[in-house]
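Novice: If you scroll down you'll find the structure; I have some questions about it.
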Amino acid sequence: MTTRQDAWPPARAHSTAAKLVVPCLVGALVALTLGIYGKAHHPTGVAINIAGFSSPGSVKSWLATGATVFAIIQVGSALVMYGKIPRVSAPDWIGGLHRWSGRIAFLLAVPVAIHCLYALGFQQYSTRVLVHSLLGCAFFGAFTVKMLILPKRGLPGWVLPVVGAVVFTVLVIVWFTSAYWFFSTFGIKR
Ligand code: HEM
């Protein structure tokens, strides 16, 4: 006879999956919508420069670099909060640093991505650009998943770190395929 304890998948795995399904679907929808918009609309090519910078590409590359630096601070503060750094105990302000570094990273990435989507669109003229376009969209999908699971109670402890790591990794690859490429091609300048 199969009891509730013997059932497969176990009840806990089942309830975890049930809690993740809607956030994942919404995240996938966000990523897909951005990708379809980027592909379907005609890139406007509009270029907005900021005084003191040599080109719009340089403004975007610095903003993207800022977003990545704040994302690194977010991951570092998470490691401290989870007690993963030997001999470092979490100070009171670490939660605030974690939240604000994440908010700032996101706020820096948004105008860059809006310009990418609106002015450049989804492009695939090289592997780098294809990976950048795909992961640029995936970043906002993964970020949506993270925001939707944050308030959920009763999820296993590994879920948030795994989703956070995915968001971070995707952003770093987006940076490598854009700002890093930009600086290594045109030089590090304002
Ligand atoms: C987190 C999101 C994103 C960041 C931080 C980001 C950052 C950047 C940066 C710094 C550049 C180089 C400057 C330039 O050439 O204008 C760039 C270029 C580009 N981006 Fe994005 N981007 C993001 C999302 C997207 C998305 C969603 C798409 C399209 C679906 C996209 C498509 C492009 C394209 C086609 C280029 C030109 C690539 C080239 O020829 O080098 N980006 N992006």
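Novice: Any residue at all in region 88-99 that is closer than 22 Å to residue 175 by Cα, at pLDDT 95 or above and of a type in the set (D, E, K, R)?
Specialist: yes
Novice: Restricted to region 37-49, and to residues that are touching a residue at least 12 places away in the same chain (Cβ under 8 Å) and assigned to a helix (DSSP H, G or I), which residue is most open to solvent (accessible area, probe 1.4 Å)?
Specialist: Out of the qualifying residues, it is 39.
Novice: Can you confirm whether residue 83 is out of contact with any helix residue (DSSP H, G or I) (no Cβ under 9 Å at 6 or more places or on another chain) and surrounded by fewer than 17 Cβ atoms within 10 Å (Cβ to Cβ)?
Specialist: Answer is yes for this residue.
Novice: How many residues does region 50-60 hold that are assigned to a loop (DSSP other than H, G, I, E, B) and within 11 Å of the ligand (Cβ to nearest atom)?
Specialist: Of the residues in that region, 1 qualify.
Novice: Out of region 79-100, which residues are of a type in the set (D, E, K, R) and farther than 20 Å from residue 68 by Cβ?
Specialist: 84, 87, 92 - these are the residues of region 79-100 that are of a type in the set (D, E, K, R) and farther than 20 Å from residue 68 by Cβ.
Novice: A further question follows. Just to be sure I understand, how many residues within region 144-190 are within 13 Å of the chain's Cα centre (by Cα) and within 14 Å of the ligand (Cβ to nearest atom)?
Specialist: Looking only at that region, the number is 12.
Novice: Next question. Considering only residues that are of a type in the set (Gly, Ala, Ser) and away from the ligand (no atom under 12 Å from the Cβ), which ones fall in region 61-76?
Specialist: Of everything in region 61-76, just one residue is of a type in the set (Gly, Ala, Ser) and away from the ligand (no atom under 12 Å from the Cβ), namely 76.
Novice: Same structure, new question: Would you point out the residue of region 14-36, among those that are surrounded by 15 or more Cβ atoms within 10 Å (Cβ to Cβ) and among the small types (Gly, Ala, Ser), that is nearest to residue 130 (Cα to Cα)?
Specialist: 35
Novice: Listed residues 102, 96; which is surrounded by 16 or more Cβ atoms within 10 Å (Cβ to Cβ) and not aromatic (Phe, Trp, Tyr)?
Specialist: Checking each option against the conditions leaves just 102.
Novice: Okay, moving on. I'd like the residue in region 121-166 that is among the hydroxyl-bearing types (Ser, Thr, Tyr) and part of a helix (DSSP H, G or I) and, out of all such residues, is least open to solvent (accessible area, probe 1.4 Å).
Specialist: Looking at the filtered set, the residue picked out is 133.
The values are calculated or read from the model by the stated rules, or taken from the named source; none is laboratory data. What you are looking at is a predicted structure, and each value in this text was computed from that prediction instead of being measured. Every residue, glycine among them, receives a Cβ derived from its backbone with ideal geometry; neighbour counts consider all protein chains shown. Side chains included, ligands, DNA and RNA excluded: accessible areas come from the protein's heavy atoms. Shrake-Rupley method; radii C 1.70, N 1.55, O 1.52, S 1.80 Å.
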